[in-house]
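What follows is one structure encoded as structure tokens, with my remarks underneath.
A short reminder: the numbers here are calculations on the coordinates, not readings from a lab. None of these values were measured; they are calculated from a predicted model. Cβ: placed from backbone, ideal geometry, glycine included. Neighbour counts: every protein chain shown.
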């Protein structure tokens, strides 16, 4: 095949429009739309006693004001619990507009619609809501203590108790040569795409249909939710995800209140309505992730082999649980990483706090799990005086152990069975790539420059591409153009390019002839969404299968025309030809024309397919039973279970012992996502993930005060890294194909972020000799730690005398 | 995040500007707008009228004399950063503006505006104090000079009341046999500093330390100048114990805690930055002092 | 009628501005920030608003050649100015086709964008910076850091953006020699 595109670093087709300012993001749509703005709760926990809109009524340009009282039918019910789970015993969700109670700052209370956003904000500002404040719960520890409660009827603040175990932990721990126990914390960050959420809705009264654009990761399900909530027939609702300015998880949650309210208003007002979330709204009313308290007990032998691991996680799920307990389940099940743990028990208690909801942010519980496991490895190594890489090596699952069954149940309800991998291979590559064994020399060099240097590593295994399914549709037009559609959405991952590569490769056509559409329910109605590093695995395989279906049909039709044996035909450069017989060929576009028997010739090409164009076989109907007109095929990929990608990261940090500034000076990644469709795009995903990992380790946190006010709800104070804070990243690849799917691929979207916190914590610990048990860590916190006489020192630190700026 | 309604005037003379300000107590001056516009967008400020002075002629000059540098109200940070003549007379101007945010902000934001904004996290408020500078305030009654000590009243608060436009800021020249340095530590490059320090070291003719002054950023509610001379007075420039000056500085400051840094950490940084900047400034002072 | 002596105090104004070389006019409320005027009044939606408080740089445009945050400038303030947005970076060739700016080409070549939302701000900032420097000199890492340092990107981790800056600088250097 000459049209080999799979595996090539093909330049992205999306870029052509995006670099000239012709992208079409949510707020670029609907120039004539009315604008929505919201009155949001200024209190973390309060009862609403009065909503007075009087003062807003004379604001110029005001069109409508909606409160909870204006919601009817299903709209007046709580928002759905998207992913119910038997262990989520006390699920709670908010209302599209607050129904008498608010449970976090930012919760929507009143919607205002005006002729533009400025005026809508003017009106919103004048609406007076009276609150009766209630005690506030902030942070896992406060939730655990439950001196105050978030939801009146849940006295312990516990939404779910998730529990999995693979054996009898207590006796195994009791019989272990060594055990150690510790507690550690990880804080909240957030996806923080540069484009906030947004919704535009247009009601067509003549057609009685609704077209909604949403900056979403799940257009098909938004459609279903809108239809259900607004009591519309599904066929009357279309949802399109336009160009989406980043997602990272926050846009998989749905329906956001605004995704229901904006269409509701558009219908009621008979006018387009748009809401483009501003940055402050995004901070206080979208979603965060990552806060956990982890209580860990590990048993191990003299060689550092783990005998048993017992983990109790307290997970902060925020005020509501619309996304169920996916994040804690992912933590619980992905925590085990690349290691063979003889016995593992995990209990996650997911607790309510009066803060923004917690739903997946790139990694979705994996960074926390990795942090728990990898820091455990570091502690075991430290306790035994062993090299951290060596302890890991001794516990790795070996290549001959695949498929490896952890006897756990994953977020898709399916068993955690690793399909393939080579973890020792990853570790070897990482050690070489980062220069692990030369750390002493690096340390000496840094010391000569007055800096403390430390190295750290973290390994992970990531379940990617969970089901239930995705679909693909491939259609060849008479023009030769190949239309591809899949229901899942894109937020910058280059799906148009990658799916075109796959289809062009499978079908034997030029990529230029392939046009890809994603996330548009008008084109493909069945889909799940873009999350869990699943797009390439799920839709990639689905469009491949659809392309194979088209290919099969094309060859069947061409074989008839060419009077050849189908086995002898191939498709290359858009030409169906007899292998080794140049000239005996028919263009795919002609096959497409012939595949659709016509009565009417609408253009030159179509003439070939009309009823008098040539001799037909009068003994058969023009379209054979079981066949369909057109050269198209729709297919679905539904995996038996997730496929497991893996990787290993190492960080080298330098710390200024006077100012305690922490600088990641080298960052190494070894990455295995099976067969790679486009290495350029995969590397880009890794780079972006690492930047978020570094951000999460050293810069980003949601700083809530005790009253539940977010102290840093701006880009000025929420410290997303600029280029100056992101280290150079060196990457090495390993490709262990997945045996589970036709293309042998595993997901790559989230990997880069997963081990960052663990690896950097390890490196800081290595540099300072102080136990790092709470992440992220800032210079001011490191300073506090260094001068805390009671702070735990690592065993390794006994050998290092620190020349530091800590005052005596 | 859209500004609340206001009215707008862009007067073509200072007199017109003052007229508008005099007529409307809710009016506020707009120059670079790089601090004001975010406040407007968040509706943390809602002036009735904005008086945009960008079209007032004569406010965009940098006058450099032997006495110092007079910076007009419309001079952008970027211009001062690249003004070698001004830097020759008062090197702190370029050294400090290099730390102001990012280029796109420096292209628009004005040095005088940032002083009038009186943010204790601002570089130029501190430099005005450290250099013993002053501003010229125009009011309907005429012009007056306000020294830095009388200017800064509190965070984001100056002594200037009523209809007034700060038309320039004057930064006295660096005294002879003196050197300066400026450094800051920010969480991200370009952020407001967690702590910053500007220092001036002056030597006597024998290259002994005769004066040491320092001013800090994001430390305290208003810019302050601390005299650190006693720690190193009379010491030869090569043998002065700058760490002792740092230690002294730590005892003089009273920083606050916020989400980015504790007061103690800021105090630590005051010591470290003092020592580091004094080392650099002393070297420069020595170079500028004939042996 | 405007008198020269009495300053006009307005709630709404007509702004005349040259955008991407084309004289444009819009009547806007005086509180409208430039970013919104470009997007909503002039239909130039290539300029994106990422934070509306001047930190992310997505909305960066050139005003009289200099990069500024268009969320921190009022539309009325650019009356009489020249504004360049991402839509104005490419130029037309003799056949009326579009010739991308080297930095646009480089972004594509180096995979310097993913979701593309922050990209316009980077493109105009870098383009202006590369235009202003001595093209014949090899670009330094300090210059690269300065050119990309003031804009936030959440997708790329910046590595490929920096690569694109070097790539574009090299292209412009070749073109200059």
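For this structure, a couple of remarks:
- Relative contact order of chain A, taken over Cα pairs closer than 8 Å and 6 or more residues apart, is 15 percent.
- Over chain B - Rg/Rh using Cα atoms and the Kirkwood inverse-distance radius: 0.99
- Inter-chain neighbour count for A:192-199: the average number of beta-carbon atoms from partner chains within 10 Å of each residue's beta-carbon is 5.
- The mean count of C-beta atoms from other chains within 10 Å of the C-beta of residues in C:31-37, rounded to a whole number, is 4.
- Look at the stretch A:67-74: the mean tally of other chain Cβ atoms within 10 Å of its residues' Cβ atoms is 0.
- For region C:12-88, the Cα-based Rg and Dmax, in that order, read 10.8, 29 Å.
- Taking B:189, A:607 and counting other C-beta atoms within 10 Å, the order from fewest to most: A:607, B:189
- Sorting the segments A:186-192, A:12-18 by their residues' average number of neighbouring beta-carbon atoms within 10 angstrom, most packed first, yields A:186-192, A:12-18.
- Mean Cβ count within 10 Å, highest first, over the residues of peptides B:249-262, A:163-176: B:249-262, A:163-176
- Sorting A:129-135, A:786-792 by average packing, meaning the other beta carbons within 10 Å per residue, from highest down gives A:129-135, A:786-792.
- One way to sum up the overall shape of region A:10-154 is the equivalent ellipsoid from its Cα gyration tensor, whose semi-axes run 33, 26, 15 Å, largest first.
- Overall dimensions of region B:178-287 as given by Cα atoms, namely Rg and Dmax in Å: 13.6, 46
- Over the protein assembly as shown, dividing the summed -39,500 (n - 2.57) contributions of all DSSP H runs of at least 4 residues by the number of residues returns a 222 nm mean residue ellipticity of -8000 deg cm²/dmol.
- Part-to-part distance (alpha-carbon centres) for region A:206-280 and region B:178-233, which is given in Å: 56
- Expressed to the nearest 5 percent, the antiparallel share of DSSP beta bridges inside the protein assembly as shown is 80 percent.
- Per-residue Cβ neighbour rank within 10 angstrom, fewest leading, A:200, A:733: A:733, A:200
- Distance between region A:750-772 and region A:84-116 - C-alpha centres, whole angstrom: 36
- Ranked by how many other Cβ atoms sit within 10 Å of their own Cβ, fewest first, the residues A:111, A:264 fall in the order A:264, A:111.
- All Cα-Cα separations within chain A were binned at 20 Å from zero, giving a P(r) of 16, 44, 31, 9, 1, 0, each value a whole percent of the pairs.
- Helix C:159-176 axis, angle to chain C major axis (alpha carbon atoms, nearest 10°): 90
- Between region A:535-602 and region A:685-700, the alpha-carbon centres lie 45 Å apart.
- Computed from Cα atoms, the angle from the helix B:14-23 axis to the main principal axis of chain B rounds to 70 degrees.
- Sorting the Cα pairs of region B:72-134 by distance into bins of 5 Å, from 0 upward, gives 4, 21, 32, 31, 11, 2 percent per bin.
- Degrees, to the nearest 10: B:242-252 long Cα axis against longest axis of chain B: 50
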